[in-house]
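So the structure is just underneath, and the comments pick up after that.
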Amino acid sequence: FTLVIDAGHGGHDTGAVGLKMKVQEKDLNLTVAKQLASRIQAKYPEVKVVLTRETDVFLPLQQRADIANKNHADLFISIHTNAAENRNACGAETFILGTERMEDNLDVAMRENAVMKLEEDQTVYQGFDPNSVESYILFELMQNEYMDNSLQFAELVQNQFVGTLQRANRGVRQAAFWVLLKSACPSVLVEMGFLSNAAEEKWLASAEGKNGRVNGIFEAFQKYYNQWNTQEN
């Protein structure tokens, strides 16, 4: 079993920035990704765990998906932290690739896909414009053979964040993320909380919050991996 963990953003792409403490998303994502990888490798040494980045470097979206595909990943987890103009927005949400209620989730998809504009070589995106609504029509044409397993893992993650960590439940949702589209395996994008909410930023930055998020995703992985093992054997 190969797991690829993707810490969103990095380098000159900070991602979201906290409202009060100015915490940078790229740092939170990387901390959780590395701690999660360590937990899984310690408990399941037979699992190959690959991090798309282990330091504060910029990584193009397509390259993140390429890492998953090159390693023949069985599961891809992209870790992110949210932000919104509404300062009261809070809670966790877990995304899979899809177009259900696409208009409702277009803002977060555009924000995460906009990283493309920071890249020197955009030819790999074949004319896709992350800021153009028309570009997202291509997602409606795709058939995702990994949707069932992606949904299964997404629900396990969301249940941990809501049930164990007591975060506000924003649900399992579908959105048009390039990094999920191009990863040829079950894949999810986790938005762990809102840096634009002062109270949630404090929790996200705390040791308790970081440990809780690592534990939550780890528990979800354990259940998913055990089910996978049962099916394989």
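Observations on the model:
- Amide H to amide H, with H built 1.01 Å from N, LEU75 comes under 5 Å of THR2, VAL4, counting only residues 5 or more places away or on other chains.
- Where labels lie 7 Å past Cα in the beta-carbon direction, separation of ASN229 and ALA184 in nm: 2.8
- For the chain, convex hull of alpha carbons as volume per residue, Å³: 115
- For the chain, the relative contact order is 31 percent, taking Cα pairs closer than 8 Å that sit 6 or more residues apart in sequence and dividing their mean separation by the residue count.
- Sorting TRP203, TRP228 on solvent-accessible area from highest to lowest, probe radius 1.4 Å, gives TRP228, TRP203.
- Taking label points 7 Å from Cα along the Cα-to-Cβ direction, ALA199 and LEU106 give a separation of 3.2 nm.
- Solvent-accessible surface (1.4 Å probe) assigned to MET192 amounts to roughly 0 Å².
- Counting 0.36 nm for each residue step from ASP56 to THR164 and taking away their Cα separation leaves a gain of 35.9 nm.
- Amide H contacts of LEU165 (H built 1.01 Å from N, under 5 Å, at least 5 apart or other chain): none
The values are calculated or read from the model by the stated rules, or taken from the named source; none is laboratory data. None of these values were measured; they are calculated from a predicted model. For neighbour counting, all protein chains shown are included, and Cβ atoms are generated from backbone atoms with ideal geometry for every residue, glycine included. These accessible areas exclude ligands, DNA and RNA; they are computed on the full protein's heavy atoms, side chains included. Shrake-Rupley method; radii C 1.70, N 1.55, O 1.52, S 1.80 Å.
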